[in-house]
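Worksheet: one structure, shown below.
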Amino acid sequence: MDGKVHKVDDGDRLIDTHEAAKRLGVGYRTLMNARIYGGPANIPWVRIGRSIRYSTREIERYIRANTRTSTSEYWRP
């Protein structure tokens, strides 16, 4: 295992902050700040020792929940 991706029993994967940021199209500091201060990009995460990991399932859930078809749609955090 390369140390960055961990398998979870249900087929979900845990990925590091850099990979999660890449999937979301944001900087890794955006996720770090969301973890520390909260905010709209506050995606659940897991601490494994000193490492922070994000579930690919939670990232996909976040993307689906925040997908809009119009700029006039009401945004709810």
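Here are some notes:
- Identity of the residue in segment 1-22, among the β-branched types (Val, Ile, Thr) and at pLDDT 65 or above, that ends up farthest from ALA41 (Cα to Cα): ILE15
- Of all residues in segment 40-65 being over 11 Å from the mean Cα position of the chain (by Cα) and in contact (Cβ under 8 Å) with a residue 24 or more places away in the chain, the one that is surrounded by the fewest Cβ atoms within 10 Å (Cβ to Cβ): ILE48
The values are calculated or read from the model by the stated rules, or taken from the named source; none is laboratory data. None of these values were measured; they are calculated from a predicted model. In this analysis, Cβ positions are derived from the backbone assuming ideal geometry, glycine residues included, and neighbour counts consider all displayed protein chains.
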